[in-house]
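S.K.: Below you will find the structure I want to go over with you.
What follows is calculated from the coordinates using simple rules that are stated; it is not laboratory data. This structure is a prediction, so every number in the text was calculated from the model and none was measured. Heads up, the Cβs are rebuilt from the backbone with ideal geometry, glycines too, and the neighbour counts pull from every protein chain shown.
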Amino acid sequence: MADQLDYKPNVLASSLSKKKKLHIGIIMSCKPEEFCNHLIHGLKDAMEEISSYGVNTEFIFTDTLSYKDQMKAISKLEVDRFDAFLVNAGSRLVGDWIDTVVKEGKSVITFNSDVEDSGRLCYVGEDPYRAGLLVGNMVNEILSEVKKVALFMGFKDNYSHRERCRGVKDAVASVHPNAEFLEIEYQDEADLARQKMEQVLKEEPDIQAVFAASATGAWGIGVSGSLLAGILQHEALE
């Protein structure tokens, strides 16, 4: 019957009922600090609340959300030391590792960024596609005609980044079917986002709207825009 219903025992619930101590690994990027520090603070607060139930946690930090960085850290893990994992999945490719540890009896929950077709227990976070739709609808309200939009993605293989941009594109295209979209990857680095934005402004002067899928990109693009505004103002004064 359990096999027919595809029943999977919840390791967390079973351990709590047996008063067994749990060791949870939290895999996430520590950068950009402006954003990740808030995540870390919230996770620590939550874990403190359940620490009396015998739950202890261990952070496994990576420098970025790139697949290479995440797998470098994951490959060094002694999986048997852990009962469960919380994973801020940077790439859908991390799903292969998730499936492997789930088959070994570990519970995995993704947060902030998901791997939809993996064996993870659930996902905790926003609906990035709907967030993108909201932004796209705002673009439609502001501009009477949209011809070209730049979509900046930290990582093209990151679920949240990709889905936010897809939402923007779908919303704008539903009203402006002939709109052109430029997809630009900036490796979730502010300075690279700034450089690529400056390049876009030079090569695509008819860009009407710019969307950044992460705070890092927004900061880099904002710096680029401020520099451009300063240059234009200086030229106007001359």
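S.K.: Could you line up Phe61, Phe111, Phe85 from fewest to most neighbouring Cβ atoms inside 10 Å?
M.R.: Working: Phe61 14, Phe111 20, Phe85 25.
Taking fewest neighbouring Cβ atoms as first place, the list is Phe61, Phe111, Phe85.
S.K.: Scan the chain and report its longest stretch carrying no trypsin sites (Lys or Arg not before Pro) that are both in a DSSP loop and have at most 16 other Cβ atoms within 10 Å.
M.R.: Here the longest segment lacking exposed loop sites spans 157-238.
S.K.: Mind sorting Trp97, Trp219 by how few other Cβ atoms lie within 10 Å of their own Cβ, fewest first?
M.R.: If I rank by nearby Cβ atoms, fewest first, I get Trp219, Trp97.
S.K.: Just want the ordering: Ser160, Ser75, Ser174, from fewest to most Cβ atoms lying within 10 Å of their own Cβ.
M.R.: Listing Ser160, Ser75, Ser174 from fewest to most nearby Cβ atoms yields Ser75, Ser174, Ser160.
S.K.: Additional query: Take every DSSP beta bridge whose two residues both sit in the chain, then give the antiparallel share in percent to the nearest 5.
M.R.: 0
S.K.: A further question follows. Can you pull the three principal axis extents for the Cα set of the chain, in Å, largest first?
M.R.: 75, 38, 30
S.K.: Taking 0.36 nm per residue of sequence separation and subtracting the Cα-Cα distance, how much length would be gained by fully extending the chain between Lys147 and Val124, in nm to one decimal?
M.R.: Working: separation 23, 0.36 × 23 = 8.28 nm, distance 3.54 nm.
Full extension from Lys147 to Val124 adds 4.7 nm.
S.K.: Need one number: % antiparallel among DSSP beta bridges in the stretch 128-237, to the nearest 5. Numbers along the way, then the final one.
M.R.: Details: 0 of 10 bridges.
Close to 0 percent.
S.K.: At a Förster distance of 41 Å, what's the computed FRET efficiency of Leu93 paired with Asp45, Cβ-Cβ distance as r, to 0.05?
M.R.: So the FRET efficiency works out to roughly 0.85.
S.K.: Between Glu34 and Arg81, what is the label-point separation in nm under the 7 Å Cα-to-beta-carbon projection?
M.R.: Here the answer is 3.4 nm between the modelled labels.
S.K.: Let's test the formula: R0 of 25 Å, r as the Cβ-Cβ distance of Ala218 and Glu180. What FRET efficiency results, to the nearest 0.05?
M.R.: E(calc), rounded to 0.05, equals 0.70.
S.K.: Taking Cα centroids, how far is the stretch 116-184 from the stretch 186-219 in Å?
M.R.: 15
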